[in-house]
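The values are calculated or read from the model by the stated rules, or taken from the named source; none is laboratory data. Fair warning: this is a prediction, and the values are worked out from it, not measured in the lab. Reconstructed Cβ throughout: ideal geometry from the backbone, glycine too, with neighbour counts over all protein chains shown. When the accessible area is computed, the model is the full protein with side chains, heavy atoms only, and any ligands, DNA or RNA have been set aside. Shrake-Rupley method; radii C 1.70, N 1.55, O 1.52, S 1.80 Å.
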Amino acid sequence: QVQLVESGGGLVQPGGSLRLSCAASGSIFSINVMGWYRQAPGKQRELVAAFTSGDRTNYADSVKGRFTIFRANVKNTIYLQMNSLKTADTAVYYCRINANRPETDYWGQGNQVTVSS
């Protein structure tokens, strides 16, 4: 079994910053993808930023230059630094890990990020 523990999120004014963290633990033998996704009310869940195979990073066009995904020194822990936040960034943010063979998806509980004045 794999567990994801997320933290961070909250309410911030436009132009502000927030940091999310995600720690994965349990029966993890290999990681194929680890990253952040978000879902706004009435919209589909979408990629925000993720580490993919070969340790590449993949960002949504809407967050490029504002958000940064990076690894912690602790194994299987990642962060999402979100700067210059906009009201359009308001959503529930989920951590996702695709791990092991056969490849299996695991999702965190989700954290609300609200950008509002």
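Just to be sure I understand the filter: pairs with C-beta atoms under 6 Å, separated by 6 or more residues or on different chains, first member in the range 90-117 and farther than 11 Å from Asn32 by Cβ, second member assigned to a strand (DSSP E or B) and open to solvent by 60 Å² or more (accessible area, probe 1.4 Å). Which pairs pass?
Pairs found: Ala91/Gln39; Val92/Gln39; Val92/Gln112; Tyr94/Trp107; Thr114/Leu11.
Consider only pairs whose beta carbons are under 8 Å apart and that are at least six residues apart or on different chains; among these, list those whose first residue lies in the range 15-37 and is assigned to a loop (DSSP other than H, G, I, E, B) and whose second residue is of a type in the set (Val, Ile, Thr) and at pLDDT below 95.
Ser27/Val2; Ile28/Val2
Taking into account only those residues within the range 83-117 that are of a type in the set (Ser, Thr, Tyr) and farther than 12 Å from Val48 by Cβ, which is most open to solvent (accessible area, probe 1.4 Å)?
So the residue we want is Ser117.
Do you know which residues across the range 67-100 are of a type in the set (A, V, I, L, M) and under 14 Å from Ser7 (Cα atoms)?
Answer for the range 67-100, where residues must be of a type in the set (A, V, I, L, M) and under 14 Å from Ser7 (Cα atoms): Ala72, Ile78, Leu80, Met82, Val92.
Have a look at Ile69, Ile28 and point out the one that is at pLDDT 95 or above and surrounded by 12 or more Cβ atoms within 10 Å (Cβ to Cβ).
Ile69
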